[in-house]
Each structure stands twice: as structure tokens, then as C-alpha cells.
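J.: Below is the structure I would like to discuss, written out as C-alpha cells.
The values are calculated or read from the model by the stated rules, or taken from the named source; none is laboratory data. For clarity, every value in this text was computed on a predicted model and none was experimentally measured. Neighbour counts are summed over all protein chains in view; Cβ atoms, including those assigned to glycine, are modelled from backbone coordinates with ideal geometry.
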């Protein structure tokens, strides 16, 4: 019987005819789509989706998942669109296929690289692609957990055929499988997939150790089997005496878990020969009551090791796992691990969340309870979605999601799962971001502990909070101090400081704008200038200005470029009146001599007013000049820049600049050198000192706003200069 016939036979055993027909249609479409395609191993490509679907049929998954498994590569490797799948197979199956479909290297955009932070140029496209595909996968399974079941089954068959790929691809895929997909299978409770993926990966990543352990298992197999058989001969009669219906067997450990056990023993200076728990005992009974009765019998026969008992029946793991775990000293005082569970618990331990579909026909199945049990998947997406960088994103999953877990209790006895090494502060942020921000202390098992205390299995944790949101401490981000271990908690602390920094930056930006920019163009709003500087909104512009990402001089320079047209127009007007010197056509007063007032040095971008002066003709002031309050209003006349002209030999007008700087030797020299470089003349210079601060007032003759902008920009870059602004006083 070929693979597709086997798949159909499996489906017919638990699905209705109409649903089997959908699977057959999906196969036919996939066969046509992959026609002519082969894998590197030489086998027809269609074999891969069939094998993927076969494993899922063993789990009795629904027809949509089986169909999606058959179609899972048609979008990625064939010219098939999402819309086409929706048209042929409906929205649900199309979304499952889309959730499994990986991004292609060609789909990496510059914007996507930018999202991964300032160091993304040091990361390979492979790294970014891995992060983006992982992000896409997690966001998809947060909506529909069936997607990860397809992905894991797909990865299992890929690992079984990995030998056909080049060596570098073998290593990359094996490492990705061991670090991401096998731990994900573990978190989902699918032990059958977990151990297979681990051993297949380990075989490629460390072939020497893999072979060594394989030989070790073979050489000690008979010895271990005799030892376990002796234990069973003692245990079975006791279970029968209490009328307990049981199945009992030795549980083999997979090669990779043995490797980790060996490394642990070597770290403890123990010999490999001392490892007797290559096989553990598993007792499967009828109901929960018999689980606890069997536990009592085991503890009666052999002495339990303190601290090695876990009750995952009363406190199930987030991945649905339930069982009693104990370790006892058996014959020869050797430790043996014993697991006790019901048949339903055993199926769940083997297939995890997939067991939900194994018992789909069970009328007692509580879908709401199942949804609650996999909320951690959605929480994972929430915890990680704000992590931007490719490397940081992948590492956050390895540390927060796939690291060995520690199980602790809330004051209300709710069980919480955290990565090993987590602290009370990590626990606080896992409960709620606001609790983390307000955390001021913690109690573990009723005793005050430091916030960097590392939690242990069974700890009861109580967080002490302030009534107000004090906010986190910067010390919490110091890895050497050890306050936080989880990336998710660190991300929330960073976000808090980023928000505070944003507020401060915007406020600083407003101050800089009002103090040093607005005088250069009081007709443009902040929004206008934001758009001029290519920002989408005022907040982004002020944040960049306040944080120093853009300098005041850059903004002034941009304003000067914008005003350059005004300067050019004025020069044309000046050239049309070459014969006039220091005059203005004042309406109703004939041709009078014009003088730019030194007190406020108005420029062509400011609003002006004129006053008749018996000796000087007309003096031109800014409208907000303080000096004109003492002038006789009868002498006020209307003037406009369109008819104000200057000395065309110099083509300049005076402008007063204020420079705040830290006082030092050579400061004034450096300032005058910059003015000279701009080929401008200094009309006057005064200097005031306050402690270590020097305030310098320069009056220079400029010929355009652009000229003034360049000068202020160059002065702003002088060592020790705090600010440069144009003054109207």
C-alpha cells in the first residue's frame, strides 16, 4: 500500500466521507502543483507533504489540518496564491497553509532589515529570515495552534531526509531544530515529536557522541533490563493486592536526554557507570484515585528521595501535562524515577495539545478548558512582539520560552511556569507589567528575599508593590546584578524608559525650538517645519530634535535653504535700483533715507515698522522692538520689505547673535575665525561672564537668511558652545 492510500485509510477510520473527500481533493491539487518537482534526495516532491499528513493522521487531527498538510508547500514552492486556495478549499484551510508558509529570501526588504535594529547590517539574510519566519509562525499559532502541529510534522520529515542536503545546511537546520522546534514540541507537550527531533538533530550536530551513547545503550541494555525486571517483580504483586488495574513498564530515555544526563554527571564528578535511570518506571492506571494509591505503594516499598516529588496532577503544566513524579532508592540504593498517570494523561504526555483532537469525539471534552490551557501561546506572542532585533528576537525565545522551566505558586496557589533562573521580579512582570513597575520587594515562602533571588520549584511568591507607579530602576537592566533573567521582562523595563525618554525628548525639543529656531522663521508652525525636515508628525520631529538625532543647526540650515528664494528675489530688486543708496520708497513721503535700527536688527523675515527721524530719515524696527515704546506715534509710518533697500556696494544688513558657551582660553578667537570664514564683518562684540559661562553678543553684517543659517551652524559646532541664537533685544 503506497503512502497516499495509507493516509486515506487512516482518515476513513475517524472522519466522515465528505471530509475524506476534501483530503483526496487536496492531494490531487498538490500532486498537480508539484508535478515535475523532486527533492534533493531524488524522490518525488509530493512524498514530503504526504508523509507530513500521515503523521498528523496518526494523531486523528481534523480534515482541515490533513488537507493543509498536503497543501503546505504549494504557496511557497509552486505558483499558487492564497486567493486560489481560498477559492478551492475555503478560508480555514488557506489560512493554515499560509501560517506554515515561510518567507523567501527575496521577500527581505530594506524596511524589514531596518526593523531589526542598528546592528542588522552585521546579520546575514539567513538570520533575519529565521527571525521573521519565527515571528510569523508564532503570530499564526497564537491564532490557531494547529499550524504548529503541521510545522512540527513538516520538520520531522525534513529531519528524516536531511542527509540529502549540503553539510552547511544540515548543520543550520539541525541546530535550528534543536534550539527552537524540539523545545517548542516540549512546551506543547508532544513528547513523541520532541525526542525524535532531538535525536535527529543531535545525530548531525555531534555524531561522535551520538554513536558513543548508542553503543553504550546497547552494551548496558541487558544489565538495565535485568535491574528493571527485578523492580517490577517486587512492584506488581503489591499493586495486585490492592486490586489496582495497571500497566507498568520501563521507560527508555532518548539519546539526547542521556547525553545531557552524562554532562550533568560529569559536572558533578560522577562516573557514567553510576547512571541507572537510563530507564525509568512508568505506571499507567485506571483513574486518579489509583494514581495516588500507587504512589503510596511505591513509597512503601522504597525510600523516596527528598525534594524529588512533583504532583502535576493537582498542578498540571501549561502544556497540559499531568502525572505524578517521584524518585526512589531501589535495589543497591540506586535512584529510579517513577511516573504514575492515567491512560488519558499518558496520551496527553505523548501528544500534548494534539491529544485534544484525539478525544474530539468525547462528549466530556471541554473546549474552553483547552483554550485556557494554551493561552501561554498567545502570551508568548504578546511578550515577544515588541522585540525588534533579529538576534534578540530569536534569543528571547530560546531563553524565555525554551529554557528549562521552574514552577512556582502565587499566593492564591496558582501554578506559574518561568524559565530556570528567574527572579521574583521576573515573576512580577509575568503576572502583569504594572505589578512589575510597582514592585518594591518580594516574599518567597513567607520570607523577604532580595529581588535577584533565583526561584526554585515549589516556591510560593508574593510581590510587594507600592501604591503608586514608581517605575523600574535602571539597575534592573544590569545583567551583572541579576535582577532580571527573562527577555520579556527586560523588554518591558526598556519600554518604560523609552517612554520616559520620549517625553523628555519632546519637552527638550519644544524648548530648543522656542529658544533657538522659532526666531529664524516665525511664520512657519512646528508642523510645517516637521514636514520640511521630512518627519511625519510634530512628536517625531521634536523627539529627534530633543534627543540630538538632528541638530538645531541642521534645522536652521534647512530653513535658510527654504528662504533662499526670498533672498534671491531681494537681490534682483536691489539690482534694479543700482543708482539708489540707502533709500526707500515710503508711501506718501517721497524718497527718504533708510536706516536699519541696531537695537533690534530686523531681517527680511520679520515684521517691521518705520519711524521718521529728522537726522536719519526713516529708522526701521521690528514691530516687537522694546525701544519703540518711547517713540512718538505721530512719526510712525508704514514700510514694507518690498520697498526697503540697502547699500548695494555691500548688500548687507546687521544681525545680532547671542552665543552661550563654557568659558575657555581661545573661545573668542575661534568665534571670530568662524565669522571670518563666512567672509562676514563684525560690527560689534560684547562679552559677559557668569561663573564658568560666557555670554557673547555679536553684531555681524549678513546678506541673506541662508548666510545667517550657515554662520549659526558653524558657531554651534565650536568646542564649548552651548547654544547659538539670534536676539531681538
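J.: If you scan region 691-706, which residues turn out to be touching a helix residue (DSSP H, G or I) at 6+ places or on another chain (Cβ under 8 Å) and in contact (Cβ under 8 Å) with a residue 40 or more places away in the chain? Don't jump to the end; show me each part of the working.
T.: Within region 691-706, the first condition is being touching a helix residue (DSSP H, G or I) at 6+ places or on another chain (Cβ under 8 Å), and the residues that meet it are 694, 696, 698, 700, 702-706.
Selection gives 698, 700, 702, 703, 704, 705, 706.
J.: Let me ask another. Output the number of residues of region 328-343 satisfying the condition of being free of Cβ contacts under 8 Å to residues at least 40 places away in the same chain and either surrounded by 19 or more Cβ atoms within 10 Å (Cβ to Cβ) or assigned to a loop (DSSP other than H, G, I, E, B) (or both).
T.: 1
J.: Something else about it: Determine which single condition residue 240 fails, assuming it passes every other condition in (1) at pLDDT 80 or above; (2) surrounded by 12 or more Cβ atoms within 10 Å (Cβ to Cβ).
T.: Answer for residue 240: the failing condition is (2).
J.: Which of the helices (runs of 4 or more DSSP H) contained wholly in region 62-104 include at least 3 residues that are over 28 Å from the mean Cα position of the chain (by Cα) and closer than 14 Å to residue 46 by Cα?
T.: Numbers: elements: 63-71, 74-77, 82-89, 91-100.
Output list reads 63-71.
J.: I want to confirm something. Restricting to region 193-209 and keeping residues that are surrounded by fewer than 18 Cβ atoms within 10 Å (Cβ to Cβ) and in a helix (DSSP H, G or I), which single residue is nearest to the chain's Cα centre (by Cα)?
T.: Of region 193-209, the ones surrounded by fewer than 18 Cβ atoms within 10 Å (Cβ to Cβ) are 205-209.
Among the residues that remain, those that are also in a helix (DSSP H, G or I) are: 205, 207-209.
Details: 205: 28, 207: 34, 208: 37, 209: 36 Å.
Among those residues, the one meeting the criterion is 205.
J.: Separate question: Only residues that are surrounded by fewer than 16 Cβ atoms within 10 Å (Cβ to Cβ) and more than 20 Å from residue 405 (Cα to Cα): list them for region 417-440, please.
T.: Selection gives 434, 435, 440.
J.: Yes or no: residue 725 within 19 Å of residue 555 (Cβ to Cβ), surrounded by 18 or more Cβ atoms within 10 Å (Cβ to Cβ) and touching a helix residue (DSSP H, G or I) at 6+ places or on another chain (Cβ under 7 Å)?
T.: Taking the combined requirement at face value, the residue satisfies it.
J.: Residues of region 256-272 being modelled with pLDDT under 70 and assigned to a helix (DSSP H, G or I), which ones?
T.: 272, the sole residue that qualifies.
J.: A follow-up question, please. Answer yes or no as to whether residue 256 is within 39 Å of the chain's Cα centre (by Cα), under 25 Å from residue 350 (Cα atoms) and outside the structural domain of residue 168 (by TED's automatic domain parsing).
T.: So residue 256 fits the description; yes.
J.: How many of the residues making up region 685-719 are surrounded by 15 or more Cβ atoms within 10 Å (Cβ to Cβ), in a loop (DSSP other than H, G, I, E, B) and at pLDDT 80 or above?
T.: 1
J.: If you scan region 661-684, which residues turn out to be outside any loop (DSSP other than H, G, I, E, B) and exposed (fewer than 15 other Cβ atoms within 10 Å of the Cβ)?
T.: Let us first name the residues in region 661-684 that are outside any loop (DSSP other than H, G, I, E, B), namely 661-662, 667-677, 681-684.
Correct list: 662, 669, 672, 673, 676, 677, 681, 682, 684.
J.: Still on this structure, please answer the following. Across region 11-32, what is the total count of residues that are closer than 21 Å to residue 86 by Cα and touching a helix residue (DSSP H, G or I) at 6+ places or on another chain (Cβ under 8 Å)? Show your work before the answer.
T.: Filtering region 11-32 down to residues closer than 21 Å to residue 86 by Cα leaves 18-32.
With the extra rule that they be touching a helix residue (DSSP H, G or I) at 6+ places or on another chain (Cβ under 8 Å), the set shrinks to 19-20, 22-27, 29-30.
Number of matching residues: 10.
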